[in-house]
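Accompanying notes for the structure given below.
The values are calculated or read from the model by the stated rules, or taken from the named source; none is laboratory data. Owing to the predicted nature of the structure, the values given are computational and were not obtained by experimental measurement. A quick note on method: Cβ atoms are made from the backbone with ideal geometry, for glycine too, and the neighbour counts reach across all protein chains shown. Protein only, heavy atoms only, side chains kept; ligands, DNA and RNA dropped before computing areas. Shrake-Rupley method; radii C 1.70, N 1.55, O 1.52, S 1.80 Å.
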Amino acid sequence: MLPYNIDHVAIAVRDLDATLESLQKLFGVEAVSREVVIDQGVEEAMVPLGGTALQLLGATGPDTPVGRFLEKRGEGLHHISVAVADLDAALEHLRAAGARLIDETPQDGGGGARIAFVHPATVAGTLIELVEFDG
Ligand code: CO
């Protein structure tokens, strides 16, 4: 189970439009995609930055994972996403290694990607997302 890249760093935001505007003004970067992922209760925007990307996460409502995160911790770092070639193998490996998983099976991450979250208790209080792209 070798991660081959940091796919993105995700930040929870209260106002997606305002944050995108700030990033554009301050760093000259723009979102290449924006979509609502119903299953995850998020509206997300992907902003390429160097060899990786920032993912801005807005909540579709207060009673969603990101909604509760914003309520509890406010805006800021939400998760680090690590790309893997084989998500099923990665989950199997982590389970065998005793990692605490939030998602026991892959979820729909939007954009055709499959994702799974590893509990923050596993690595230094940091939520880690594993992502596998098809093709
Ligand atoms: Co993500």
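Some notes on this structure:
- Among the GluC sites (Glu not before Pro) within segment 1-63, those in coil by DSSP and having at most 15 neighbouring Cβ atoms inside 10 Å are GLU30.
- For ASP15, net neighbour charge (Lys/Arg +1, Asp/Glu -1) across residues whose Cβ lies under 13 Å away: -3
- For a modelled paramagnetic label at LEU77, 7 Å from Cα along Cα-to-Cβ, the residues of segment 114-135 in reach, with backbone nitrogen under 20 Å, are 116-131.
- DSSP-assigned coil residues among chymotrypsin sites (Phe, Trp or Tyr not before Pro) in segment 1-98, each with at most 11 further Cβ atoms within 10 Å: TYR4
- A simple spin-label model places the labels of ARG100 and HIS119 0.4 nm from each other, with each point 7 Å out along Cα-to-Cβ.
- Dipole check for segment 30-127: with +1 at the C-beta of Lys and Arg, -1 at the C-beta of Asp and Glu, and the Cα centre as origin, the magnitude is about 340 Debye.
- Carbon/sulfur fraction of accessible area - segment 3-135, other protein chains in place, 1.4 Å, %: 54
- Only DSSP H runs of four or more residues enter the estimate; each adds -39500 (n - 2.57), and after division by the residues of the chain the mean residue ellipticity at 222 nm equals -7000 deg cm²/dmol.
- Ordering 96-102, 9-15 by mean Cβ neighbour count within 10 Å, with the highest value first, yields 9-15, 96-102.
- Positive-end residue, the chain charge dipole about Cα centroid, Cβ charges, pick of VAL42, GLY67, ALA121: ALA121
- Stretch gain in nm, segment ALA89-ARG34, where the contour uses 0.36 nm per residue and the Cα spacing is subtracted: 16.9 nm
- For the chain, the solvent-accessible area works out to 56 Å² per residue, with a probe of 1.4 Å and every protein chain left in place.
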